[in-house]
Structure formats: structure tokens, C-alpha cells
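Below is one structure; the comments refer to it alone.
The values are calculated or read from the model by the stated rules, or taken from the named source; none is laboratory data. The structure presented is a predicted model; accordingly, all values stated were derived computationally and were not measured. Glycine also receives a Cβ, built like all others from the backbone with ideal geometry; neighbour counts cover every protein chain displayed.
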Amino acid sequence: MREKYPGAMTASLGEGRLWLMSAREERDGAECPCCGQMAKIYSRSINGAMAHALMLVAFGTKHGQADDDGWIHITTFLNGRTGRVGDGGLAKLRYWGLVEGTSGGGDDDRRGYWRITEKGLLFVLKRLKLPKYALVYDGTAFGYDGPDVGISECLGKKFDYEEILRAPLDLRETT
């Protein structure tokens, strides 16, 4: 059951905030005494679909599927190559700094465009290991936990790193 702040009616905003910072670490999180929003720390890891998507983006970028600045519309790019709907969780890789996204909006609507970072490329090439878990609060990673893992460990049993490298990358335009 979610924890509730015992002094919600008499506490200051600062006291409520301090309580929430510690209570958010509870398994079920806590309800903010100021606004009622659920506050919880999530432990995220890189799964096989995310690692596979990152590899495809790295290969697609290398083989001219990105614009001049390295941006790729992820959903369009991946859906035509994986048969899965969505981005494979690729956006969560921002917690480790492996990808970066555009903010979108205005006349230049670039929502859904992502690019691999130098750190992401090093991870794909097995030159970098990362902490297994990103500790995420309110959409932002504020810490890491667990042993360091490489891309092969993240791919798991469902995907084989060497097999992905050998597979021909379908670089045709997708619709």
C-alpha cells in the first residue's frame, strides 16, 4: 500500500518535500502530500529489445539511414526492420546517455527523432559497460545500481550479438 504523509494538514511545503524524497524509495512509492501525485523510484534495465534497437540504429546511421546530423525517426525506422510496433523502448536508453532525442514542436516538428551518442556507439561495439540499473524518478535518471553489463548481457538469450552482426540490414526505405 502506498505510504501517506502523516502531517499533511500541518506541515510546511519543505517538510512535505523532505518526507517525499525518502518515502518515494518505498516499494510502492508514496503519494505527494502537496499535490497527490504518485512518487516512486523505478529501477530500469536495458532489455534485449532495447539493445537490439540500439544496434539497428547504429548500423542504420552508419549506412546512411539518418539525416546529416544523425537523426532517425525511430518508429518508422524500426517498425520496418523488426516487425514490432513502437520504438522497442529505445527512448529509455537516454537514462544511460546512449541516445538523445529531439524536443519537437514549433515549425520544425521533430518528435520521435533520436540519434545514437558516442557512448551508445561504444556500447554497441562492446567497448563500454554500464551499470545494469538506472534509478529513475520523474522521467530522469538520478543514479545507477548493480553490476556493469555489456550489450551481450543486455541482449540476453533472445538475441545473439554475432548473429545480429552477420544478418543483412534491410536498408530499404520504409513507408
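State which residue is surrounded by the most Cβ atoms within 10 Å (Cβ to Cβ) when the search covers only segment 115-150 and only residues that are in contact (Cβ under 8 Å) with a residue 12 or more places away in the chain and among the small types (Gly, Ala, Ser). The extreme case among them is GLY120. In segment 45-60, is there at least one residue being surrounded by fewer than 16 Cβ atoms within 10 Å (Cβ to Cβ) and at pLDDT below 90? Checked segment 45-60: no residue is surrounded by fewer than 16 Cβ atoms within 10 Å (Cβ to Cβ) and at pLDDT below 90.
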